[in-house]
Amino acid sequence: KLEDYPNLNTINIFIEEFVINKDFDRVYRVQYDNNDIAVWALVYYAIRLNCLKDLKDFLDEYNGNMVEELGQFGHIVGQILRGDYSVGPGTASSAGEDVFKNALYMLLNPSSNELPEDFLVESVDDFIWFSLFRSLLSSNRAGKLQDLHEKIKELKETRDGNFSLIEIAKYQLLCLMLPEFLDTLVESDEYSIDGRHLAFIFVETGILSHK
């Protein structure tokens with residue numbers, strides 16, 4: 001039962017309270033199992049929130065009416081927990097299916113350039129998470145990360161006041177663009193000194209080499 005997994009139960013309450021409502025149901029497709037759980041939404045947000053151990057246990061013990069469909073995701077989550085990211089590309093989900101199921105297949109298919117519905121990728125933070133997760137699964141991980149880095153560089157160059165330097169610095173840090181992160185901090189008025197201090201610490205601790 002979902003109640004046996006407090007973290008997943010909290011995620012499910014979040015989904016019911018803040019994600020899926022009457023307006024949502026009129027626009028998007030959501031599939032419920034025979035226990036009235038929006039299972040694909042639960043799997044998506046559990047992966048997004050790194051609640052993988054509970055999710056793996058829940059999927060292993062799942063005995064609802066969608067056990068066959070969910071079985072492969074239990075296997076994939078187990079691989080990720082073991083640090084094995086060679087899960088292979090996701091099989092394309094059919095148009096008209098659950099919006100969260102479609103998003104999961106996009107997430108697990110690193111060769112795809114598709115992004116899920118806007119409400120799942122409505123911020124730069126969402127886009128970065130989605131891109132970083134897919135890069136882990138890609139055989140061309142370095143190339144995927146480089147593509148993401150280029151997008152963040154372009155974001156800074158064309159920000160036109162839409163993003164503060166601190167927001168750009170946060171995105172660079174999330175993408176482990178450490179030299180660029182430090183440069184942006186130094187450029188900012190408020191955190192220029194902090195950026196210089198961090199640069200010294202990064203060099204002294206071996207995180208970055210001195211150039």
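What the table shows:
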item	result
In Å², nearest 10: area of Val87 left accessible to a 1.4 Å probe	30 Å²
Helix-only CD estimate at 222 nm, as mean residue ellipticity for the chain, using -39500 (n - 2.57) per DSSP H run (n ≥ 4)	-17500 deg cm²/dmol
Rh (Kirkwood; distinct C-alpha pairs) - segment 44-156, Å	14.9 Å
Segment 109-211: C-alpha gyration tensor shape, a/c 1.5 cut-off, then a/b vs b/c	oblate
Prolate/oblate/rounded label for segment 155-197 (Cα gyration tensor, a/c 1.5)	oblate
In segment 123-206, the trypsin sites (Lys or Arg not before Pro) that fall in loop regions by DSSP, at most 13 other Cβ within 10 Å	Arg159
Calculated from backbone phi, Karplus (6.51, -1.76, 1.60) coupling profile of segment 29-44 in Hz, x at Gly/Pro	8, 10, 9, 10, 8, 6, 9, 6, 9, 7, 5, 5, 4, 4, 5, 4
Cleavage-rule hits (GluC sites (Glu not before Pro)) in segment 1-59: DSSP loop, at most 11 neighbouring Cβ within 10 angstrom	none
Accessible-area ranking of Leu198, Leu148, largest first, probe 1.4 Å	Leu198, Leu148
Segment Leu136-Asn9, extension gain: residue separation times 0.36 nm, minus the distance between their alpha carbons	43.0 nm
Residue-normalised accessible area of the chain, given per residue in Å² at a 1.4 Å probe	57 Å²
Correct option for Kirkwood radius over Cα pairs in Å [calculated from the coordinates] among (i) 19.2; (ii) 21.5; (iii) 20.5	(i)
Dipole magnitude of segment 169-211, debye to nearest 20 (Cβ charges: Lys/Arg +1, Asp/Glu -1, about Cα centre)	180 debye
Heavy-atom accessible area ranking, 1.4 Å probe, most first, across Val30, Val67, Val77	Val67, Val30, Val77
Electrostatic dipole magnitude of the chain [Cβ: Lys, Arg +1; Asp, Glu -1; Cα centre; debye, to 20]	660 debye
Pairs of Lys in the chain closer than 18 Å at Cα, counting only those 8 or more apart or on different chains	7
Surface share of carbon and sulfur [accessible, 1.4 angstrom probe, percent] for the chain	50 percent
Under Karplus coefficients 6.51, -1.76 and 1.60, residue-wise ³J(HN,Hα) of segment 59-64 in Hz, glycine/proline x	5, 5, 9, 4, 10, x
Charge-dipole axis of segment 1-144 as Lys and Arg at +1 and Asp and Glu at -1 on Cβ define it, positive-most pick from Val39, Gln79, Thr10	Gln79
Residue list for segment 167-185, given a label point 7 angstrom along the Cα-to-Cβ vector of Phe18 and an amide N cut-off under 20 Å	none
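The values are calculated or read from the model by the stated rules, or taken from the named source; none is laboratory data. From a predicted model like this one, the values you see are computed outputs, not experimental measurements. Every residue, glycine among them, receives a Cβ derived from its backbone with ideal geometry; neighbour counts consider all protein chains shown. The area values use the complete protein model at the heavy-atom level, side chains included, leaving out ligands, DNA and RNA. Shrake-Rupley method; radii C 1.70, N 1.55, O 1.52, S 1.80 Å.
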